Structures are given as C-alpha cells and as structure tokens.
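This report concerns only the one structure given below.
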2 protein chains.
Amino acid sequence: MNKEEKAKYETRVKVLKALAHPARLKLIDVLAEEDEVCVCDLTDAIGTDMSTVSRHLTQLKNAGIVESEKHGQMVFYRLKVKCLTGLFGCIESVVEGHIKSQLKVLS
Amino acid sequence: MNKEEKAKYETRVKVLKALAHPARLKLIDVLAEEDEVCVCDLTDAIGTDMSTVSRHLTQLKNAGIVESEKHGQMVFYRLKVKCLTGLFGCIESVVEGHIKSQLKVLS
DNA sequence: CCTATATTTGGCTAAAGTTGCAAATAAGCA
DNA sequence: TGCTTATTTGCAACTTTAGCCAAATATAGG
C-alpha cells in the first residue's frame, strides 16, 4: 500500500470508527428522528455520564457526521449526513446473511 | 436503552468494527476485484505479517463479510457481501461534506 | 514417514479507546 | 456580582485492539 492508498483508507476508517459504538449509533438514531437535540436530552437517551455523551458527540462531529450550534447555554446537535439509512440497510443485510449461514452450518 | 435495543446496536457495531481498519478495507477491495484469493497473496497486498492478515480475515469472517474455503493446504477467501460499494459511497460523502464545511470555516 | 509450505493460534507488548469524577468554561438569571 | 445550569476538558483506571515472533496444525509431495 502506497501513501495515497493508505490515506484513502484512513479517511474511511475515521468515519467507520466514529460509527462503531452502540452509544453513538443510538445518538444517530435519536438525531435522525428529532432533528435538533441538546446534550442533556441525548444524555437521557443514552444513560451514561453527560461528559461521556459529550465526548461521543465530539467524535461524531470530528468525523463529519453531525454538526452543532449553540443557543444560549445549550448546544444543539443535528445530523449532517442523510445516507446513513442505506448504510445501515447494508449492515443489516450483512448481519442477516451471517446468521442464516450460521444456521446452515448448525443444521 | 433496553436489552433488545442494545443488542440491535451491538450487532451493527460488530460489522462496523470489522470494517474500521485500513488493512481490512484493503482486503475487502482486493477481494472485490479478484473474487477468490489465498491468504499468502493477501499478505503481499497488505504488507504485514501473515499471522496478522490471518487475524484480520478471521475478524471479517466473524462479522459475516467474507467466507472461506480450503483447497489443499491453502485457504481461499471470498467477499460475501455485495452492498459495500454503496456503503463506501455514503462514507465518502461524509468525508467530502466534512472537508467542504471545514474549508467554509477557514474562509 | 519425513519434509516443506500454508495457515492459524498463543503469548507478549505497545497503542488506542472508554468512562466516571472532578474541575474548568460559558451563559442565563436574580 | 454571585449563583445556577449546560457543556466540555483533564486525569486516571480499565478494556480492547494490533502486531510480531514462535509454536502448533494441516496438507501435499517425495
């Protein structure tokens, strides 16, 4: 792998890593439904410390998946990417295909 | 998050984590082009120890992304999932959108 | 049977990621 | 100004992941 090729994969990895955590997937789901949500409400949805949720949101933001805006003392987060539904569709198909083939092995 | 919901995200995470590594993305690219490849040839493409490549392939297999078949002393790996092109298309759009908005901030 | 080759696994170390608590920062309100 | 609330950041402990080397396993071929 040359430098250019490596860089191509690194950028993809950055996004994939940002997605690869249950709490962050949940955050994305909530944001997909509710449009604009503050950190405190997202904290309720996730159920961990607010500082942890804040860090998760920072990761999603750094990856370009969400964006934020400050109104008063609150920070509102918004989903920036629209194609994630299709992406998760593909991932679900991976999961289902895998389960099926495991059943086949067992039978 | 209840148990069921958590499980849903965990299964997605399993696939995303399997994808979230430069070497494994490269492996997927090679397999997408070449159909059936042995570990030794994939090792050349990646440039790390064969044992490391083998572990990467195991991860992809456990996630349901590739499958393998043994012929003689060699093990051939094959891509199992067809929708990854669209998935990466989405990821590229995340990356591009993010770069654009960063340029906007700078200007 | 013995040897060479392909692949996987065990053991180890280094690096990266996760989380909670406490402290810092920022903004509204009395 | 002083107090309260929302959010982020520093720090430390812990878990996970990646990578190499060496050893184990499996198979082909003499």
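The values are calculated or read from the model by the stated rules, or taken from the named source; none is laboratory data. Everything quoted here is computed from the prediction, not taken from an experiment. Glycine also receives a Cβ, built like all others from the backbone with ideal geometry; neighbour counts cover every protein chain displayed. Areas reflect the complete protein model, heavy atoms only, side chains present, ligands, DNA and RNA absent. Shrake-Rupley method; radii C 1.70, N 1.55, O 1.52, S 1.80 Å.
For region A:1-20, the tally of residues that are open to solvent by less than 20 Å² (accessible area, probe 1.4 Å), assigned to a helix (DSSP H, G or I) and within 16 Å of B:Thr11 (Cα to Cα) stands at 3. When region B:33-51 is limited to residues that are assigned to a helix (DSSP H, G or I) and touching a His at 6+ places or on another chain (Cβ under 9 Å), the one that is farthest from DNA strand C (Cβ to nearest atom) turns out to be B:Ile46. Check region B:21-30 and report whether any residue there is more than 23 Å from A:Leu19 (Cα to Cα) and either more than 9 Å from every other protein chain (Cβ to nearest Cβ) or surrounded by 18 or more Cβ atoms within 10 Å (Cβ to Cβ) (or both). Scanning region B:21-30 turns up at least one residue that is more than 23 Å from A:Leu19 (Cα to Cα) and either more than 9 Å from every other protein chain (Cβ to nearest Cβ) or surrounded by 18 or more Cβ atoms within 10 Å (Cβ to Cβ) (or both).
Can you name every residue in region B:70-96 that is open to solvent by 50 Å² or more (accessible area, probe 1.4 Å) and within 10 Å of DNA strand C (Cβ to nearest atom)? Selection gives B:Lys70, B:His71, B:Gly72, B:Gln73, B:Met74. The C-beta contact set for region B:78-89 (first residue over 18 Å from B:Asn62 (Cα atoms), second residue small (Gly, Ala, Ser), distance under 8 angstrom, 6+ apart or interchain) comprises B:Thr85/B:Ala32; B:Gly86/A:Gly86; B:Leu87/A:Gly86.
How many residues does region B:31-54 contain that are loosely packed, with under 13 Cβ neighbours inside 10 Å and among the polar types (S, T, N, Q)? So the answer is 2.
Just so you know, in region A:52-65 the residues that are free of Cβ contacts under 8 Å to residues at least 40 places away in the same chain and of a type outside the set (D, E, K, R) include one that is nearest to DNA strand C (Cβ to nearest atom), and it is A:Thr52.
Residue by residue through region B:37-51, note down the ones that are hydroxyl-bearing (Ser, Thr, Tyr) and more than 12 Å from chain A (Cβ to nearest Cβ). Across region B:37-51, the qualifying residues are B:Thr43, B:Ser51. Across region A:58-86, the number of residues qualifying as away from every other protein chain (no Cβ under 14 Å) and either of a type in the set (Phe, Trp, Tyr) or at positive phi (or both) comes to 3.
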